Amino acid sequence: MLRKLLAATAALVGAPAAADTLVYDVDGVTIGEKGEVVRFTGLVFDDDGIITDLVERGEERPEVDYAVDGKGQVMLPGMIDAHVHVMDIGFAALTLDLSDTNSLDEALEKVRRFAQDNPGRPWILGRGWNQEKWGLGRFPTAADLDAIVPDRPVWLERADNHANWANSLAMERAGITADTPDPQGGRIIRDAQGAPAGVFVDNAIALVGKVVPEPRPEDRDNAFAQAQQVLLGYGVTAVADMGTSVVDWMTYRRAGDTGALRIRIMAYARGVEAMELIGGPGPTPWLYDDRLRLAGVKLYLDGALGSRGAKLKEPYADEPDTHGLPLLTPTQLRNLMSRAAMDGFQTAVHAIGDAANEDVLLAIEELSTSYDGDRRWRIEHAQIVDPVDLARFGKHGAIASMQPLHQTSDMMMAEARLGEDRLAGAYAWRSILDVGGRLAFGSDAPVEPADPFAGMAVAISRTDANGKPFGGWRAEETVSREQALAGFTADAAYAGFAEGRFGRLLPGERADFLLVDRDPLLASPSEIRETRINEVWIGGQRVLTK
Ligand SMILES: [Zn+2]
């Protein structure tokens, strides 16, 4: 008898009965295998958090061990953001945020208060300023900051990440003087006498950045935890991390090892050196149940439009002596892409201006002859494309990884930088789809909020949160609701070689889903922006309830 009992216990321990969970009474929506919309009323997943079945309308409810009442809520796949900077989201949440300031004075007052509230911090670090939004008509200066914080270095990142603003003490610590030359691919903004005025553009940022004290591992863990909460709060369950450093990777690994890694990260190393250090001979395997993988490398080909760093074919309309700042020559770009491709790493190249987009599209065409097969060459942003180059997006499996929210934030600025005549290929989502190209949507958070619902609203309307401009900015470039949802789910997964693992609610994929109060395929843009996320599940586990 006892032996029998022991044997039975052993059998129980050795082979637990598969415990399936059903979430029933939902209004389920997902993108299907062929890009079509699939609707369902229940979802079944197993112990490993993998979907085993969808229940269709009218179908009988399957027998399962656990059942969760969906109470008629809308079930969507977990949102995927195809372009974020995970650690920057976390650090942004921990540092001074100037993105809501509307004037220089307002920003300076915020700096003053932050310095006062944080007396122990050796440096005052922050981000999010934008002199365009302030209507300042010039860059801010070190002197502006000196008047507020003279006794501690201050170092503030511009909203687009492509320029930083220092006070005099920060420049002094970095040894910056009137004799410091502009580095290649960078620019020190100077006053009439040629002295550094306080703003550093693109490759010049590192001149001061290198003396800013590094955060400690525990600061990084804290920042990562913050980032994860921010993302989950927006219903984002997976991201492509665009520019993972070795220490970022170590942070994600620590989170994975301690079970604190909830979201899924498709990582793109910050440059080829980090790629080799993290990946070694090739992309890493998927780690922690499909929560972390190094897929490839992120390369920067130019800067941004706001700081006039984007590389243009013709000079800037509002600064006719510059074409922007190329960060790599065509040869350097090919060498780096080739170095990655030869070991099977995917490349994701930042290209904003029309000249940069042409450069990378030509490089893809050339490299595709040596590196064939399924490469999924990614172009990050692809903001301004010369219409003559658009068709190239339909070839060689190129993927345009674009951020709808940039369009509404940048439209006025893009008009100023380029002039009306050169906007035909600006944020050209529909045109890229029409030539057979693939889109993946993201936010570029923390540059923009990591809110995929706001992103979807813009993608289908080309209007901002106030519904402006009426009828949409260059509205011919809107995409359908279905394409917008795919861009933030299935297509964003595909762009990171994650299809079949997550991004769709289909058998075999991870049960990453949201329960929300409305269906984005049936709602207006302003309604989509107001979507209430009630629950977030990842791998069959509830990770957030509101
Ligand atoms: Zn970015």
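The values are calculated or read from the model by the stated rules, or taken from the named source; none is laboratory data. For clarity, every value in this text was computed on a predicted model and none was experimentally measured. When we count neighbours, we look across all protein chains shown, and the Cβ atoms used for this are built from the backbone with ideal geometry, even at glycine. These accessible areas exclude ligands, DNA and RNA; they are computed on the full protein's heavy atoms, side chains included. Shrake-Rupley method; radii C 1.70, N 1.55, O 1.52, S 1.80 Å.
Among the trypsin sites (Lys or Arg not before Pro) in segment 108-166, those placed in a DSSP loop whose Cβ has at most 12 other Cβ atoms within 10 Å are Arg138. For the chain, the longest principal axis of the Cα atoms and the long axis of helix 104-117 meet at an angle of about 70 degrees. Counted over all Cα-Cα pairs of segment 211-323, pairs farther apart than 26 Å make up 34 percent.
Length gained on full extension, Ala93 to Arg152: 19.1 nm, using 0.36 nm per residue less the C-alpha separation. Per-residue extension of 0.36 nm, minus the Cα-Cα distance of Val37 and Asp321, leaves a gain of 97.3 nm for this segment.
Can you work out the PRE-style zone for Ala178? Point 7 Å along Cα to Cβ, and I want the residues of segment 190-217 with backbone N under 18 Å. Flagged as within label range: 190-199. Ordering 284-290, 430-436, 448-454 by mean Cβ neighbour count within 10 Å, with the highest value first, yields 448-454, 430-436, 284-290.
Under a 5 Å amide H cut-off, with hydrogens placed 1.01 Å from N, Trp377 pairs with Ile399 among residues at least 5 apart or on other chains. Taking a ≥ b ≥ c as the square roots of the eigenvalues of the alpha carbon gyration tensor, segment 91-206 is prolate, as a/c is not under 1.5 and a/b beats b/c. Pairs over the 23 Å Cα-Cα cut-off, from the set Lys133/Lys468; Lys298/Lys468; Lys210/Lys313; Lys298/Lys395; Lys133/Lys210: Lys298/Lys468; Lys210/Lys313; Lys133/Lys210. Residue ranges 139-149, 165-175 sort as 165-175, 139-149 when ordered by packing (mean number of other C-beta atoms within 10 Å per residue, highest first). Note on Asp289 and Glu273: their simple-model spin labels are 3.7 nm apart, each label 7 Å out from Cα toward Cβ. With all protein chains in place and a 1.4 Å probe, the accessible surface of the chain carries 51 percent carbon and sulfur. Taken per residue, the accessible surface of the chain reaches 41 Å², heavy atoms only and a 1.4 Å probe. Dimensions of the chain based on its C-alpha atoms, expressed as ranges along the principal axes with the largest first, amount to 94, 54, 48 Å. Most simply put, the chain has about 45% antiparallel DSSP beta bridges, counting only bridges with both residues inside it. Prolate is the label for segment 143-297. Its Cα gyration tensor axes, ordered a ≥ b ≥ c, give a/c of at least 1.5 and a/b above b/c.
The angle between the Cα long axis of helix 246-257 and the main principal axis of the chain comes to about 20°, on a 0 to 90 degree scale. Taking every protein chain into account, the 1.4 Å probe leaves Met456 with about 0 Å² of accessible area, to the nearest ten. Distance between Cα centroids, segment 439-515 to segment 27-63: provide it in whole Å. The two parts, judged by their Cα centres, are 21 Å apart.
Computed across segment 400-515, the Kirkwood radius stands at 14.9 Å (inverse of mean 1/r, all Cα pairs).
For the chain, the relative contact order is 16 percent, taking Cα pairs closer than 8 Å that sit 6 or more residues apart in sequence and dividing their mean separation by the residue count. Each listed q (0.17 Å⁻¹) maps to a log10 I(q)/I(0) for segment 290-434, found by the Debye formula over equal Cα scatterers with no solvent: -0.90. Only protein heavy atoms count here; on that basis, with a 1.4 Å probe, Asp151 has an accessible area of about 110 Å².
Database remark: amide H of His83 closer than 5 angstrom to the amide H of Ala240, Ser443, Asp444 (H placed geometrically; neighbours at sequence offset of 5 or more, or on other chains; Pro and chain starts carry no H). Taking the chain as the reference, fit the longest principal axis to its C-alpha atoms, fit the long axis of helix 330-342 to the helix C-alpha atoms, and give the angle between the two in degrees, 0 to 90, nearest 10. Value to nearest ten degrees: 20.
Taking the DSSP beta bridges with both ends in segment 219-356, the antiparallel portion is around 10 percent.
Note on Asp46/Lys395: beta-carbon distance plugged into 1/(1 + (r/R0)^6) with R0 of 41 Å gives a FRET efficiency of 0.50. Each of the peptides 484-495, 204-215 was scored by the mean count of other Cβ atoms within 10 Å over its residues; in descending order, highest first, they stand as 484-495, 204-215.
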